[in-house]
Amino acid sequence: MALPIEDYALIGDLRTAALVGRNGSIDWLCLPRFDSSACLAGLLGTDEHGHWQLCPEGDYESSRRYLGNSGVLETTFTTPTGVVELVDLMPRGDNRADVVRRVRGLQGTVTMSHEWLIRLDYGEIRPWVRRETICGEKVITAIGGPDKLILRGPRLPVATDHRHNDVFDVHEGDELLFSTTWVPSHIDLEDLGDLTDRIRSTIKADEAWAERCPADVPHPHVVRRSLQTLRLLTHEATGGIVAAPTTSLPEDFGGERNWDYRYCWLRDAALTLSSLVRAGYTEEARLWRTWLLRTVAGDPEDLQIMYAVDGARRLPERTLDHLPGYAGSAPVRIGNGAVDQRQSDVLGEVMMALEHTRHAFGAFDENSWALQRTLVENLARDWQRADHGLWEIRGEPRHFTHSRAMVWAAFDRAVRAVEEYDLPGDVEEWRRLRDTVRAEVLDKGYDAGRNTFTQHYDTTEVDASLLVLPLSGFIDGDDPRMLGTIEAIEQDLLRDGLVLRYRTESGVDGLQGTEHPFVACSFWLVSAYAAAGRTDDARALLDRLVGLVNDVGLLSEEYDARHGRMVGNFPQAFSHLALVQAAFDVAGKPSPEGPRPEKNRPGQH
């Protein structure tokens with residue numbers, strides 16, 4: 001049975017990721033990629049849909065942590081008869097994926113239970129499982145279609161009623177190493193590899209990456225863990241950044257607000273990139289920029305809001321009716337129907353992120369600018385169209401104020417690129433459109449009677465996305481209109497001190513049910529307070545919000561403060577990138593500017 005969302009931790013190999021429960025059960029794992037089908041899907045059903053568990057028999061207490069600043073998880077089980085340690089990680093690989101688990105006896109004797117139950121294609125397909133010898137070592141293999149999984153270990157579990165189980169004693173000083181390796185089913189491994197070396201090398205690489213994280217920000221350890229989490233949600237080969245490693249963890253327990261987040265939203269990826277660049281991780285920015293160029297190549301009319309990890313465009317949404325869903329929340333969805341939506345804000349976030357990379361590198365990339373110029377020229381032709389907005393409204397398209405402000409940001413960043421780097425472009429037209437859009441937003445997206453910006457042009461409702469208007473440069477954070485907007489959001493959208501995205505009662509999203517406060521929105525309020533000069537309020541709210549992370553520093557999409565529970569897909573990139581941005585804003589650190597040559601002309605790099 002799936003645990004509360006906050007009882008899971010993330011391990012990953014920069015290509016995919018797994019969720020490990022504090023009970024030693026891996027209940028979610030997609031192989032070989034974030035957006036591949038799951039071979040362990042118990043998170044969205046029952047143990048029968050796939051899980052891999054190592055834990056003591058009988059009663060125990062567990063505590064856990066990441067080893068240092070790495071992504072290697074250590075869980076300590078304390079029982080009446082002794083103490084054991086379980087270390088979980090996914091070391092880096094090329095044409096394979098590995099989950100390595102080390103059991104070590106620390107004190108006394110503990111009787112351990114081991115269950116390995118593989119179910120392919122999201123728990124629906126029972127694979128062909130057999131014992132065989134690979135590279136001179138006895139293993140268990142599970143094969144189905146394109147997938148082969150290989151279980152190694154000093155004690156292999158025994159088949160019982162279509163599952164594999166074992167019970168064994170661990171004494172003080174004992175050490176047992178297990179691994180599950182994925183390879184394409186037509187591949188024969190020539191070397192299973194040394195598992196101990198892979199543990200050491202993974203910790204060393206992670207620690208080296210984390211050393212670059214700045215420490216002069218509030219809650220530096222939480223910020224560092226958030227940056228590591230964003231790194232683990234990045235595919236190191238393609239550069240694609242997924243919004244979360246999970247699908248269909250509900251926004252409303254028992255409801256229909258269940259979405260697949262294992263894809264690369266341009267917006268989320270751009271904001272993640274900005275957070276990484278702000279923290280000094282510029283190589284990741286280069287990788288993502290290359291992914292962007294490959295992915296959106298072609299006709300700008302075909303620009304999508306999201307793509308697969310490798311840049312593939314077709315993400316048809318369908319339901320998996322054989323899965324009951326987390327906490328009975330159906331349907332379970334794979335794919336995402338929002339892929340076909342128009343979301344006018346996306347280009348603004350992308351242009352802002354690419355500006356950050358230019359400033360960080362002190363130069364520009366000709367191919368990158370050619371793409372940006374084409375996209376902005378296309379925006380200039382159809383910027384007036386309504387859209388579905390930041391929150392992927394499944395109701396009627398609207399002129400959402402946040403979207404319109406980000407259209408302004410797209411033109412603004414294009415103008416600034418031409419002015420600062422002497423790049424080619426119709427700068428006079430872009431300046432005219434920038435001013436036109438801003439005037440329109442101030443006229444139609446602002447309620448003078450209440451002194452607040454509104455969710456869209458046809459309502460008096462407010463929306464948490466309005467909090468980012470100062471962050472894009474659209475308006476000063478201490479402008480009276482912005483101060484009024486913050487006040488309106490405090491009045492309308494605060495629930496238990498946390499911020500809702502919008503009032504679902506308005507019916508704007510076309511869905512049944514409600515939702516909980518959206519974690520990123522509360523961090524946006526921190527940043528808005530900082531921009532408004534409300535420094536004490538910003539610090540106080542940030543202090544409270546970092547207290548919402550679970551015991552290993554992870555955040556979900558939403559939070560149910562009344563029951564102290566995490567809600568939604570987990571861990572959520574949006575939540576972690578907003579945490580990083582809020583910490584930098586409270587610390588008074590500006591957005592990345594970097595060296596700015598007076599005129600960096602084409603051909604100079």
Sequence neighbours fewer than 8 away in the same chain don't count; with that in mind, list the aspartates and glutamates whose C-alpha is under 16 Å from LYS589. ASP216
Can you find, among THR180, TRP52, HIS164, the residue farthest towards the positive end of the dipole of region 5-187? Put +1 on the C-beta of Lys and Arg, -1 on that of Asp and Glu. THR180
Under Stokes-Einstein, region 212-586 at 25 °C and 0.890 mPa s, with its Kirkwood radius over C-alpha pairs, diffuses with a coefficient in µm²/s of 118 µm²/s
So, with +1 on the Cβ of K and R and -1 on the Cβ of D and E, and no other charges, what is the size of the charge dipole of region 5-187 about its Cα centre, to the nearest 20 debye? 620 debye
Which value in Å is the Kirkwood Rh of region 439-494 over different Cα pairs? 11.0 Å
Along region 144-149, Karplus-curve 3J(HN,Hα) (6.51, -1.76, 1.60; θ = phi - 60°) to the nearest Hz, with x for Gly and Pro, reads x, x, x, 10, 9, 10
Under 19 Å between alpha carbons, and skipping anything fewer than 8 positions from LYS204 in its own chain: which aspartates and glutamates qualify? ASP13, GLU74, ASP88, ASP94, ASP98, ASP194, GLU236, GLU283, GLU284
Go through region 558-574 residue by residue and turn each phi into a ³J(HN,Hα) via Karplus (6.51, -1.76, 1.60, θ = phi - 60°); whole Hz please, and just put x for glycine and proline. 10, 9, 9, 5, 5, 10, x, 10, 7, 9, x, 4, 8, x, 9, 4, 4
Neighbourhood net charge (9 Å Cβ-Cβ; Lys/Arg +1, Asp/Glu -1) for ALA97: +1
Could you tell me which of LEU323, LEU433, VAL339 has its Cα farthest along the dipole of region 312-457 towards the positive end, charges placed at Cβ (Lys, Arg +1; Asp, Glu -1), taken about the Cα centre? LEU323
Please compute the net charge surrounding THR75, taking Lys and Arg as +1 and Asp and Glu as -1 over other residues with Cβ under 13 Å from its Cβ. 0
Taking the Cβ of GLU284 as the center, what net charge do the other residues with Cβ under 10 Å away carry, scoring Lys and Arg +1 and Asp and Glu -1? +1
Phi-based couplings in Hz for region 172-179 (Karplus 6.51, -1.76, 1.60; Gly and Pro marked x): 3, x, 5, 9, 10, 10, 10, 8
Helix-only CD estimate at 222 nm, as mean residue ellipticity for the chain, using -39500 (n - 2.57) per DSSP H run (n ≥ 4): -10000 deg cm²/dmol
Nothing charged except the Cβ atoms of Lys and Arg (+1) and of Asp and Glu (-1): what's the magnitude of the dipole of the chain about its Cα centre? Round to the nearest 20 debye. 740 debye
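Computed from the coordinates by the stated procedures, all read-outs in this text should not be read as laboratory data. All values reported here derive from a predicted model rather than from experimental measurement. Heads up, the Cβs are rebuilt from the backbone with ideal geometry, glycines too, and the neighbour counts pull from every protein chain shown.
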